[in-house]
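A.B. asks: Pasting a structure below so you can have a look.
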Amino acid sequence: MLPRFLASICLALYACLPALARERPAVDVPTATIQRDAVARLRIVAVDGGFEAWADNLLPGPVEVRLDADGGARPQALPALPARASVPAGGSVLLTRLRPPPAREGRMQLRLSGVPGSSNAKPRDITYLLPLRLDAPRIDQGFDGRFSHDSDENRYALDFAAPEDTPVLAARAGIVLQVDTGYRGSSLDYARDATRANFIRILHDDGTMALYGHLAPDGAQVVPGQRVEVGQRIGSSGNTGYSSAPHLHFVVQVNRGGQLVSIPFRMQDVAIPTRR
């Protein structure tokens, strides 16, 4: 089971902030509030009569973001909230201009959410390489698997049984978008471990993205922005997060309207089962 990698950042702005902003012209989200798997950062800049809300892309590939009010007093915004935008790799986009509510109405809260990839992805019919250095791979859960492949993000995923520290290979060439291998341990406690799976996400040239999940702690041999070739070792398999046994979770996804959606694929010398 892999979590949804939807990064959210919440920022509270108080009605008294304009006076402070005159002394500090830019107000940024503290680094501590940015989640480990965040794809974008909300940046607030003071301007005459209000603020500008910017989205900064933290990834070496495109992301799509959505800014909305998150409780508290609703701000005046132009364009109105929710505001959406595509942000190119490493780029920034002005989402909206804000006027804070009167002091008597209290504070306003904003939430920025982001999804990696572009909605313009056009998947090609590609045969993927087996992403593990194994002689006889066994698939414990196939497409539409009952245990955890029942969501749009993971419906067309494969779980390969693999001893821990088995070499993980790039099933297709691309650019490394995200790497997180800092978690340790596993269990079937969904509330605790569903968002704790180590992973690598790779962007392909047609806009699709492959996600390699449940990797070993510190088990990445690549970094964001790195170009990898098919068959290149990118990390080591593990048993982290919401997992019942050591395995590699592999899925190909696209961004569809701000949601990650898995798509079916073919894999060299692998018969892909369903409903297991």
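A.B. asks: Report every pair of residues separated by at least 6 positions or lying on different chains whose Cβ atoms are under 7 Å apart, first residue within segment 217-243 and farther than 21 Å from residue 60 by Cβ and surrounded by fewer than 19 Cβ atoms within 10 Å (Cβ to Cβ), second modelled with pLDDT under 95 and among the charged types (D, E, K, R).
C.D. replies: Within 7 Å, the pairs are 217/184.
A.B. asks: Could we say that residue 237 is in the same structural domain as residue 137 (by TED's automatic domain parsing), over 22 Å from residue 150 (Cα atoms) and either of a type outside the set (D, E, K, R) or out of contact with any Phe, Trp or Tyr (no Cβ under 7 Å at 6 or more places or on another chain) (or both) here?
C.D. replies: Yes: the conditions hold for residue 237.
A.B. asks: Within segment 131-173, can you find the residues that are modelled with pLDDT of 90 or more and farther than 15 Å from residue 252 by Cα?
C.D. replies: 132, 133, 161, 162, 163, 164, 165, 166, 167, 168 - these are the residues of segment 131-173 that are modelled with pLDDT of 90 or more and farther than 15 Å from residue 252 by Cα.
A.B. asks: Among the residues of segment 205-216 satisfying the criterion of being closer than 15 Å to residue 118 by Cβ and buried (at least 21 other Cβ atoms within 10 Å of the Cβ), which is farthest from the chain's Cα centre (by Cα)?
C.D. replies: Within segment 205-216, the match that is farthest from the chain's Cα centre (by Cα) is 208.
A.B. asks: Would it be correct to say that residue 248 is at pLDDT below 95, in a strand (DSSP E or B), in contact with a strand residue (DSSP E or B) (Cβ under 9 Å, 6 or more places away or on another chain) and not polar (S, T, N, Q)?
C.D. replies: Taking the combined requirement at face value, the residue satisfies it.
A.B. asks: Please enumerate the residues belonging to segment 51-80 that are assigned to a strand (DSSP E or B), of a type outside the set (S, T, N, Q), surrounded by fewer than 19 Cβ atoms within 10 Å (Cβ to Cβ) and at negative phi.
C.D. replies: Those that are assigned to a strand (DSSP E or B), of a type outside the set (S, T, N, Q), surrounded by fewer than 19 Cβ atoms within 10 Å (Cβ to Cβ) and at negative phi: 52, 56, 68, 69, 70, 78.
A.B. asks: If you don't mind, there's one more thing I want to ask. Which residue pairs have Cβ atoms closer than 6 Å, lie 6 or more positions apart in sequence or on different chains, and pair a first residue in segment 38-63 that is more than 27 Å from residue 256 (Cβ to Cβ) with a second residue that is β-branched (Val, Ile, Thr) and part of a strand (DSSP E or B)?
C.D. replies: 44/27; 51/44; 52/45
A.B. asks: What tally of residues in segment 155-168 results from selecting those that are in a strand (DSSP E or B) and either buried (at least 20 other Cβ atoms within 10 Å of the Cβ) or of a type in the set (Gly, Ala, Ser) (or both)?
C.D. replies: The total comes to 6.
A.B. asks: Out of the residues in segment 82-136 that are hydrophobic (A, V, I, L, M, F, W, C) and free of Cβ contacts under 8 Å to residues at least 40 places away in the same chain, state the one that is surrounded by the most Cβ atoms within 10 Å (Cβ to Cβ).
C.D. replies: Ranking the qualifying residues of segment 82-136, first place goes to 83.
The values are calculated or read from the model by the stated rules, or taken from the named source; none is laboratory data. None of these values were measured; they are calculated from a predicted model. For neighbour counting, all protein chains shown are included, and Cβ atoms are generated from backbone atoms with ideal geometry for every residue, glycine included.
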